[in-house]
1. As I understand it, the dipole of the chain uses +1 on the Cβ of Lys and Arg and -1 on the Cβ of Asp and Glu, about the Cα centre. Which of Thr81, His143, Thr128 lies farthest toward its positive end?
2. Report the per residue volume, in Å³, of the convex hull enclosing the C-alpha atoms of the range 1-153.
3. Hey, what D do you get for the range 90-157 in µm²/s if you plug the Kirkwood alpha-carbon radius into Stokes-Einstein at 37 °C and 0.692 mPa s?
4. Sort 214-221, 19-26 by packing, meaning the average of other beta carbons within 10 Å per residue, with the highest value first.
5. Whole-Hz ³J(HN,Hα) for each residue in the range 113-127, computed from phi via Karplus 6.51 cos²θ - 1.76 cosθ + 1.60 with θ = phi - 60°, x for glycine and proline: what do you get?
6. Could you sort the peptides 51-60, 34-43, 394-403, 369-378 by per-residue average Cβ neighbour count (10 Å cutoff), highest mean leading?
7. Mind grabbing the base-10 log of I(q)/I(0) for the range 148-189 at q = 0.21, 0.26, 0.31 Å⁻¹? Debye formula, identical points on the C-alpha positions, no solvent, two decimal places.
8. With equal scatterers on the alpha carbons only and no solvent term, can you work out the Debye log10 of I(q)/I(0) for the chain at 0.12, 0.14 1/Å?
Amino acid sequence: MKLYNLKDHNEQVSFSQAVTQGLGRNQGLFFPHELPEFSLTDIDEMLEMDFVTRSSKILSAFIGDEISEAQLAALVKAAFTFPAPVKPVESDVGCLELFHGPTLAFKDFGGRFMAQVLAHISGDKPVTILTATSGDTGAAVAHAFFGLPNVRVVILYPEGKISPLQEKLFCTLGGNIETVAVKGDFDACQALVKQAFDDEELKVALGLNSANSINISRLLAQICYYFEAVAQLPQEARNQLVVSVPSGNFGDLTAGLLAKSLGLPIKRFIAATNANDTVPRYLAGGEWAPNATVATLSNAMDVSQPNNWPRVEELFRRKIWRLNELGYATVDDDTTKATMRTLDELGYVSEPHAAIAYRALRDQLHNGEYGLFLGTAHPAKFKESVEVILDKTLPLPEELAARADLELLSHFLPADYAQLRTFMLRGK
Ligand SMILES: *Cc1c(COP(=O)(O)O)cnc(C)c1O
């Protein structure tokens, strides 16, 4: 597999290089040189396969012979150990539940596949994973790499801006997992990570590697569950499918669009955001004008400078698709709450992120279409807000219950690169 840097098309790398480097020169994102396509017959056959077999085929179409098919299948099998069921919510709407993994959020798919791939290609060379999280990536990355030999993981998150339970989920592991609460918002954490990756000396000293949604392996892994969703739908729905994606950094949407580019029949996508609405304002014909990030109920989407957006634009350019065919919506916190209550009345308990996607879908779905919204996190992951909004108590899933009483092991730092650097290099 060949990839190029979106900021400098002359920088061309292999899949292994893209995975180990994370970002290219000038913080450019890597993008696939070839965009494989399956025929309709291929797709029909693939939809009959089991999740792991089909996913290996999809990933192998991109990755090519850099990893043998048998090895790739083993990595996929080790990563995708949990299902992605479609739950019917209304006659014409279903939720693709992506939260049945160890950290109860969709980021388990990308995080676990990335960990497997990285461990596979690094062999015995030590690596340091540095990533910023607004909540869920951190947990997924921490659990995916926990205990893997030769891997040190450092995770930055905005202090006080993620839910207490989310924090417990990944800041209590210890071992090869170090967590840092940064005084600042998610964009500040992301900026620190970018600075570290611009620091050649640090990069070499630590074998730095990023594991957030910019890593191409995460993105490729996420393509697979769009296929898994379609495989569960009846033929009528497959032909009229609209998918609504709750979006923050736009990795999930990028993966969905890549699934479509492979030939998966998806009529239309809707990019749904909270009040951090840089993309909806841009798609409405405005300028690219990020505002300061605001805190919302759907905190994993509190991102005003979505870092995967250049990939979305590149894909539209390459496929000669029109950006104005991409649906979009902004859903504020009051509407999110009201929508969670509506879903509850329909017999479906949801959380703020998925509710945003459902709202956008319900508002934009036409007669005769079938709509899927992505359930990106388990409602219990946002227990504090969900219980107040729905006025009911939620049982804590085992994964969370087991961690809730453990001591937090986080370090605390200001949003200052020099101090982060010292922290990263201690003991070196
Ligand atoms: C990360 C996250 C999102 C946003 O996904 P992106 O790929 O960053 O757009 C949505 N919902 C939840 C629960 C998340 O953790």
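Laboratory data are not the source of any read-out in this text; all were calculated from the coordinates shown. Just so we're clear, the structure is a prediction, and the values are computed from it rather than from any experiment. With ideal geometry, Cβ positions are generated from the backbone for all residues, glycine too; neighbour counts draw on all protein chains shown.
1. Thr128
2. On the way: hull volume 23.0 nm³, N = 153.
Cα convex hull per residue, to the nearest whole number: 150 Å³.
3. D, rounded to a whole number, is 254 µm²/s.
4. So the peptides 214-221, 19-26, ranked by packing, come out 214-221, 19-26.
5. Here the 3J(HN,Hα) series is 5, 4, 4, 4, 5, 5, 4, 5, 7, 7, x, 9, 7, x, 10 Hz.
6. The most tightly packed comes first, giving 369-378, 51-60, 394-403, 34-43.
7. -0.68, -0.91, -1.09
8. So the normalised log intensities are -0.95, -1.36.
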